[in-house]
Amino acid sequence: MDNKISLYGFNNLTKTLSFNIYDVCYAKTEREQHDYLQYIDEQYNSERLTKILCDVTDIIGATILNISKQDYEPQGASVNILIAEGEVPPESIDKSCNQGNMNHETVHAHLDKSHLTVHTFPESHPDNAISTFRVDIDVSTCGEISPLNALDYLIESFDSDIITIDYRVRGFTRDVHGKKYFIDHDITSIQDYINEATLQRYDAIDVNVYQSNIFHTKMLIKELQLQNYLFNTDVYELPPKQRLDISNSLRREMIEIFSGANIY
């Protein structure tokens, strides 16, 4: 908050950031698709995802209470982190919380108003040479801390061709005079919280409902460097026409995901 409000009691506002990224890859054969999904699964396993969420917790100034994580078969991973605003005295932390010190293969945690979650969704189809990988992250905080402060870090943590971001502030809080506040900070767009250099790499559009404190931003990568989308293939091994065909099919896939519709 730029101009801090003198509140009566606790800040009851809940700020929720929903962050989705899509990574797209050209993998023509069944073996290439399998190898790509295996590579993605190793790159974004529960250990690395836990590290990312722990970094986010540090960035927004929260404290980890509990972590639950799981790798799935054949692909995918999930991590849940229960957090608290600011510092928490050790004697106040529930003894069932692991605070990230996990000595068992399986840990289960509940979620409260303040939490971070991540799920991964690798995807492919035998009739389509393009495979996709989605990461779905939710950061929900209560009080003064804001998940928007971690946006740049989240974008940099993944190879993102398409990004969709939702931000919503729910509930209300009161000042010392009893006046209700349904939001405690100025915001016109989620893009206000993204580095300008990052925004230059994407086409971005907003769909906002200001009256309800709901903000939505979609981002589509501008430049497509074909080599970055070929799995175990050198771009110069392909004839020019095939390069163009692959580039067009990748762009069509991205546009459909960005638009949320089957266009082609």
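The values are calculated or read from the model by the stated rules, or taken from the named source; none is laboratory data. Fair warning: this is a prediction, and the values are worked out from it, not measured in the lab. Every residue, glycine as well, gets a Cβ built from its backbone with ideal geometry; the counts of neighbours run over all protein chains shown. Surface accessibility is based on the protein's heavy atoms, side chains included, excluding ligands, DNA and RNA. Shrake-Rupley method; radii C 1.70, N 1.55, O 1.52, S 1.80 Å.
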- [ ] Identify, by number, the condition in (1) touching a residue at least 60 places away in the same chain (Cβ under 8 Å); (2) under 30 Å from TYR39 (Cβ atoms); (3) open to solvent by 40 Å² or more (accessible area, probe 1.4 Å) that GLN227 doesn't meet.
- [x] (1)
Open item on the list: I'm checking my understanding of the structure. Among residues of the range 15-40 that are closer than 23 Å to ASN232 by Cα and of a type in the set (Phe, Trp, Tyr), which one is nearest to the chain's Cα centre (by Cα)?
Closed with: TYR22
- [ ] Please specify each residue of the range 146-194 satisfying the condition of being in contact with a helix residue (DSSP H, G or I) (Cβ under 7 Å, 6 or more places away or on another chain), open to solvent by 40 Å² or more (accessible area, probe 1.4 Å) and without any contact (Cβ under 8 Å) to a residue 60 or more places away in the chain.
- [x] ASP152, GLN191, TYR193
- [ ] Just give me the residues in the range 177-208 being among the aliphatic types (A, V, I, L, M) and under 14 Å from ILE165 (Cα atoms), in sequence order.
- [x] ILE190, ILE194, LEU199, ALA204, ILE205, VAL207
Task: Residue under evaluation SER140, criteria (1) modelled with pLDDT under 90; (2) closer than 30 Å to ARG252 by Cβ, criterion not met - done: (2)
TODO: Of the conditions (1) in a strand (DSSP E or B); (2) buried (at least 16 other Cβ atoms within 10 Å of the Cβ), ILE205 clears all except one; give me its number.
DONE: (2)
- [ ] Give the residue that is modelled with the lowest pLDDT, with candidates limited to residues of the range 250-264 that are surrounded by fewer than 15 Cβ atoms within 10 Å (Cβ to Cβ) and not charged (D, E, K, R).
- [x] TYR264
Task: ALA197 open to solvent by 40 Å² or more (accessible area, probe 1.4 Å), hydrophobic (A, V, I, L, M, F, W, C) and free of Cβ contacts under 8 Å to residues at least 24 places away in the same chain - done: yes
